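Each remark here refers to the structure printed beneath this line.
Bear in mind these aren't lab numbers, they're just calculated from the coordinates by the rules spelled out. Model, not experiment: these values are computed from the prediction. Heads up, the Cβs are rebuilt from the backbone with ideal geometry, glycines too, and the neighbour counts pull from every protein chain shown.
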Amino acid sequence: MSNSLTVALIQTSLVWENPEANRINLEKKVNTIESADLIILPEMFTSGFTMNASSVAEIMDGNTINWLKQLADKKQIAIVGSLVITENNNYYNRLVFVEPSGTITHYDKKHTFTLAGEHKVYTAGTEKVTLNYKGWKICSLVCYDLRFPVWARNTEDYDLLLYVANWPKIRTNAWDALLKARAIENMAYCIGVNRVGLDGNNYEYSGHSAAYDVLGHRMDSIPENKEAIEIVTLEKEHITKYREKLGFLKDRDVFNLKA
């Protein structure tokens, strides 16, 4: 168990529908990180946000998963991001959290982005996943999930809520506002990692990756519209201090989600 968690945010451009090129690019970036506990990659980091799932889909024992396991072991750092996975004749926008030990926890994006037709290609997940890594409770979600606060509500007393994304520049204002809100309302650290550059559909992404503390204060200085790597350190004492002092989570509403 660790009282602090050092997290590296990788804000990067992505090569359209080219897993091998993206792995090469990302490995170079990961290798520049000397010390961290967790590395966060964007959504669909092997392909960009494509609806052409069949051209980039992999299996859970495929090239990218094995690459992640080897990289996590080599660096002794956990790595999280999402990619296209095919399983049981379905396609999933699947977030994978790969630990140095080789343990993999996965979450299938629940809120598929209907505006882009994601629901027609990818099967939506049904289970929220919270894992324990180095004594930190972490809830990992994907992009469009950010717009749905009930799904993210901190009923598990998690310490860190993170989002991996391909969130377009045209709706950056919502991204900024909602990330900050998720931190404040859940009294947890909230980190969002978004891509930059143009995708194969000519949509532009400006990044705006960010880390917020439990009071909604910005912790990073990541530039917009540029590739960047930033490392932030989260402290358990910060969470405990303000949850005990303010007690907002004790007054949260009790509810049950129905499919």
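Okay, here's what the table says:
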quantity: Alpha-carbon centroid distance for the pair segment 39-98 / segment 170-199, whole angstrom; calculated: 21 Å
quantity: Rounded if a/c under 1.5, otherwise prolate or oblate - the chain, Cα gyration tensor axes; calculated: rounded
quantity: Ranked list, fewest to most other Cβ atoms within 10 Å of each Cβ, for 96, 7; calculated: 96, 7
quantity: Principal axis dimensions, largest first and in whole angstrom, of segment 1-74 by Cα; calculated: 42, 25, 20
quantity: Relative contact order, percent, segment 65-144 [alpha-carbon distance under 8 Å, six or more residues apart]; calculated: 23 percent
quantity: Amide H within-cut-off set for residue 10, under 5 Å, with H built and near neighbours excluded; calculated: 40
quantity: Three-way shape label, segment 100-240, alpha-carbon gyration tensor, a/c 1.5; calculated: oblate
quantity: Sorted by Cβ neighbour density within 10 Å, fewest at the top, the residues 49, 255, 148, 113; calculated: 255, 148, 113, 49
quantity: Student exercise, segment 39-176 dipole from Lys, Arg, Asp, Glu Cβ charges, in Debye to nearest 20; calculated: 260 debye
quantity: Relative contact order of the chain, pairs being alpha-carbon contacts under 8 Å that are 6 or more residues apart, as %; calculated: 20 percent
quantity: Value at 222 nm in deg cm²/dmol, rounded to 500, when DSSP H runs of n ≥ 4 in the chain each add -39,500 (n - 2.57); calculated: -7000 deg cm²/dmol
quantity: Vicinal HN-Hα couplings computed from phi for segment 115-124 (Karplus, 6.51 cos²θ - 1.76 cosθ + 1.60; Hz; Gly/Pro x); calculated: 4, 9, x, 4, 5, 7, 10, 10, 7, 6
quantity: Karplus-derived HN-Hα couplings along segment 211-220 (A = 6.51, B = -1.76, C = 1.60, θ = phi - 60°), whole Hz, x at Gly and Pro; calculated: 10, 10, 8, 5, 9, x, 7, 5, 9, 10
quantity: Gyration tensor (alpha-carbon) shape descriptor, segment 45-163, a/c threshold 1.5; calculated: oblate
quantity: ³J(HN,Hα) computed for each position of segment 6-22 - Karplus, 6.51 cos²θ - 1.76 cosθ + 1.60, integer Hz, glycine/proline x; calculated: 9, 10, 9, 9, 10, 9, 9, 7, 10, 7, 4, 6, 9, x, 5, 4, 5
quantity: Charge dipole (the chain, unit charges on Cβ, about Cα centre) - positive-most of 232, 249, 88; calculated: 249
quantity: Neighbour-count order for 94, 153, fewest beta carbons within 10 angstrom listed first; calculated: 153, 94
